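Scroll down for the structure; my scribbles are underneath it.
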Amino acid sequence: MNCKGLYRFDFVCVVLAALGATGILRADITLDPAQYSAQIGGLVVGGAPGDYSKGTSIANISTQPDPSAFVSTNGGSSVIQLLYYFDVNYSITGQPVEVVINAAQYISATAAPLSKASQWGMTSQLIGISYQSIDGGPVSDFDYQSSVLNCAKFGGYTNIACPDGFVQQSQTQLKLEVLTNEEALISIFVAVNFPTGGIAEAYVDPYITFDPSFNSTGYSLSFSDGISNLASTPEPSTIGPSACGLLLVCIWSARKAMSSR
């Protein structure tokens, strides 16, 4: 994969993908399956939860006890994308409810020579998308929340976006309004790239819960098969250095129409 630098997520693309969804998934229908992709050095090395390695690059996708993604490289690239679905179950369909997505995010390049003239970058990205209104047919509105940590060196430029020894971490909290008994989406994307060497890492670990101020009696959360939802664990103590970046693509493309309520 040709890493020409690191760019922010194209949120317009995400929005269009969300609006392109044609089906409305009811709570009594199994949620869409989670989607996994792990790439090392531009090649897909896995499409399921697990640990993957090639040379000095590592990719890890975890769903138990909570979904997370971690990548590391020492002179190479490593990328993970994890998509999964959830919904708020309730006796009434279409009831707006606010959920909170808490996520530990981390990118680090403490052992990468960022000041060298090389192509590098790293990113940790988290996006939540939900339906907001339904008029008996296609989605007519939506809500999305996002959090992105980025550090990049762009081709053709001499300026360095991040200093040597760069470390950034964030205890992200996104508040997403969802409709009861309607499918919502979580997207995780982490990537690092550092062709000239130097350890680089990125990590994200989300956890979904109800807003503490909301009386959630009678409400419950369900997730794509294989996805658990326990409180986020602290960032791995091994995470410290980092570099790189790749890009993601549009998500939540057209989906099959489901049966009416």
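The values are calculated or read from the model by the stated rules, or taken from the named source; none is laboratory data. None of the values given here were measured: they were computed from a predicted structure. Neighbour counts are summed over all protein chains in view; Cβ atoms, including those assigned to glycine, are modelled from backbone coordinates with ideal geometry. Protein only, heavy atoms only, side chains kept; ligands, DNA and RNA dropped before computing areas. Shrake-Rupley method; radii C 1.70, N 1.55, O 1.52, S 1.80 Å.
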**Item:** Single residue of Ser77, Ser53 found to be farther than 25 Å from Glu182 by Cα and open to solvent by 20 Å² or more (accessible area, probe 1.4 Å)
**Value:** Ser53
**Asked** With Thr73, Thr93, Thr22 as the choices, which residue is assigned to a strand (DSSP E or B), of a type outside the set (Asp, Glu) and modelled with pLDDT under 95?
**Response** Thr73
**Message:** I need the full set of residues from the range 53-70 which are assigned to a strand (DSSP E or B) and closer than 27 Å to Tyr131 by Cα, in order please.
**Reply:** Ile61, Ser62, Ser68, Ala69
**Request:** With respect to Tyr203, determine if the residue is at pLDDT 90 or above and crowded, with 17+ Cβ neighbours inside 10 Å.
**Result:** yes
**Subset of the range 38-50 that is under 16 Å from Asn193 (Cβ atoms), open to solvent by less than 50 Å² (accessible area, probe 1.4 Å) and of a type outside the set (Val, Ile, Thr) - its residue that is nearest to the chain's Cα centre (by Cα)** = Ala38
**Message:** Return the pair list, or none, for Cβ contacts closer than 8 Å from residues in the range 151-177 that are exposed (fewer than 15 other Cβ atoms within 10 Å of the Cβ) and assigned to a strand (DSSP E or B) to residues that are acidic (Asp, Glu) and modelled with pLDDT of 90 or more, at least 6 apart or on different chains.
**Reply:** Lys175/Glu98
**Prompt:** In the range 96-119, what count of residues is obtained for those that are open to solvent by 70 Å² or more (accessible area, probe 1.4 Å) and modelled with pLDDT of 90 or more?
**Reply:** 1
